Amino acid sequence: MVFNSATDLFDFSTKRVLCSSNKRKTVCLEGRFPNSGEPAIIFLEKLPISYKTAQNLCNNSILEKSYNSVHNYECTSKLSLNGIKISTIYPATQKHIKKYESQPMHIIDETSNLYINVTLPYITSESFNLKWVYNIFEHKAEEESIVYEDTNTETGFILLPDLKWNQKQIENLYLLAIVKPRNIKSLRDLTDKHIPLLLNVRDKVTKVIKSKYGLDESQLRIYIHYQPSYYHLHIHFTYLQYQAPGIFIGRAHLLSSVIKNLELIPDYYQKKTLQFIIKETDGLFLQYKEKGLVKEVVKEEEVVKEK
Ligand code: G7M
């Protein structure tokens, strides 16, 4: 949904909070826009304070002493210095709602057999919507945002800002390199054959980031998600000091390790047991649960019986 003015948001009626994080200063709401039958999601995120904003805040704010302390102040600043990024999803499907809803998480040990017999059938049966990726490739969407494009069909890619980055400050720099080959679903499909592709993405993107944003390769976190949300290989480039969502163990695999693993063992990712963290209501988790493949603590009396 595209808003014509800020007042459009005033009419949003909130049904519930899907998730919130004090650390990331985010809150995600499920609700409805007036006269619309379908649910919507609004994601609010306080923007990082860049060096320039910090200077402006010091020079253009009214300070009031607070908390009965000599050192703490309540700071009232111009609205423009108090940025909040708002993303909306409308209409929001149950899949979107589940994705943003905070829920208990589980860790799965996915052996190569489990990948072939449980994960692969699930991801091929589910229609994960890759239209946004193909629209970007065909320059039907986000054309003006493309930072760099390498058109080689084997080793090429498109580099553009991730949806989560407003491109206003490098403190939360977040770029995505989407590879041109359309047959690499995830980390699991990578073999030594793909090393030239991965090296090309790494080398070209780090050069572009250095010249456009002034950051060195050593200041970047470069990684691939497993499981990803979209099964078309893409590589995340974020500023190392930014605690981007999804950088934790159990989701992010550093590109440098991926390349080294493939150099050592060509079919490393077809053989390796991969761990991934997944939400309890995720369809893939339910497949593992139904088949009794989720590790559970054995009840006390059963432990006694076994002794
Ligand atoms: O978890 P996974 O590795 O699949 O991450 C997918 C990334 O794609 C996330 O960081 C999303 O924010 C990003 N993303 C998703 N969509 C639908 C879009 C989009 O339409 N445009 C851009 N630029 N990024 C997107």
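The values are calculated or read from the model by the stated rules, or taken from the named source; none is laboratory data. This one's a predicted model, so the numbers in the text were calculated from it and none came from an experiment. Neighbour counts are summed over all protein chains in view; Cβ atoms, including those assigned to glycine, are modelled from backbone coordinates with ideal geometry.
Out of the residues in the range 214-254 that are in contact with a Ser or Thr (Cβ under 6 Å, 6 or more places away or on another chain) and more than 12 Å from the ligand (Cβ to nearest atom), which is nearest to Ile178 (Cα to Cα)?
Filtering the range 214-254 for residues that are in contact with a Ser or Thr (Cβ under 6 Å, 6 or more places away or on another chain) and more than 12 Å from the ligand (Cβ to nearest atom), the one nearest to Ile178 (Cα to Cα) comes out as Arg221.
Output the residues belonging to the range 136-187 that are part of a helix (DSSP H, G or I) and away from the ligand (no atom under 11 Å from the Cβ).
Going residue by residue through the range 136-187, those that are part of a helix (DSSP H, G or I) are 136-137, 143-145, 170-172, 187.
Correct list: Phe137, Glu143, Glu144, Ile170, Glu171, Asn172.
Quick one: is Leu176 aliphatic (A, V, I, L, M), at pLDDT 95 or above and under 18 Å from Tyr231 (Cα atoms)?
For Leu176, the condition - aliphatic (A, V, I, L, M), at pLDDT 95 or above and under 18 Å from Tyr231 (Cα atoms) - is met.
Residue check: is Glu45 touching a strand residue (DSSP E or B) at 6+ places or on another chain (Cβ under 9 Å), among the acidic types (Asp, Glu) and surrounded by 15 or more Cβ atoms within 10 Å (Cβ to Cβ)?
Yes; evaluated as a whole, the condition is true for this residue.
Just to be sure I understand, how many residues within the range 161-213 are under 22 Å from Glu144 (Cα atoms), touching a Leu at 6+ places or on another chain (Cβ under 8 Å) and touching a residue at least 60 places away in the same chain (Cβ under 8 Å)?
The qualifying residues number 11.
So which residues in the range 94-135 are of a type in the set (S, T, N, Q) and within 14 Å of the ligand (Cβ to nearest atom)?
Kept after step one, since they are of a type in the set (S, T, N, Q), are these residues of the range 94-135: 94, 102-103, 111-113, 117, 119, 124-125, 127, 129, 135.
Selection gives Asn129, Asn135.
Taking the range 211-245 as the region of interest, how many residues are in contact with a strand residue (DSSP E or B) (Cβ under 6 Å, 6 or more places away or on another chain) and at pLDDT below 95?
1
Quick one: which residue in Glu101, Glu74 is under 30 Å from Asp11 (Cα atoms) and in contact with an Asp or Glu (Cβ under 6 Å, 6 or more places away or on another chain)?
Unique residue meeting the criteria: Glu74.
Can you name every residue in the range 232-269 that is more than 15 Å from the chain's Cα centre (by Cα) and either crowded, with 19+ Cβ neighbours inside 10 Å or in a helix (DSSP H, G or I) (or both)?
Leu255, Ser256, Ser257, Val258, Ile259, Lys260, Asn261, Leu262, Glu263, Leu264, Tyr268, Tyr269
Please determine whether any residue of the range 202-213 is surrounded by 13 or more Cβ atoms within 10 Å (Cβ to Cβ) and part of a strand (DSSP E or B).
No, that holds for no residue.
Do you know which of the residues in the range 87-114 that are β-branched (Val, Ile, Thr) and loosely packed, with under 14 Cβ neighbours inside 10 Å is farthest from Gln167 (Cα to Cα)?
Top of the filtered list is Ile107.
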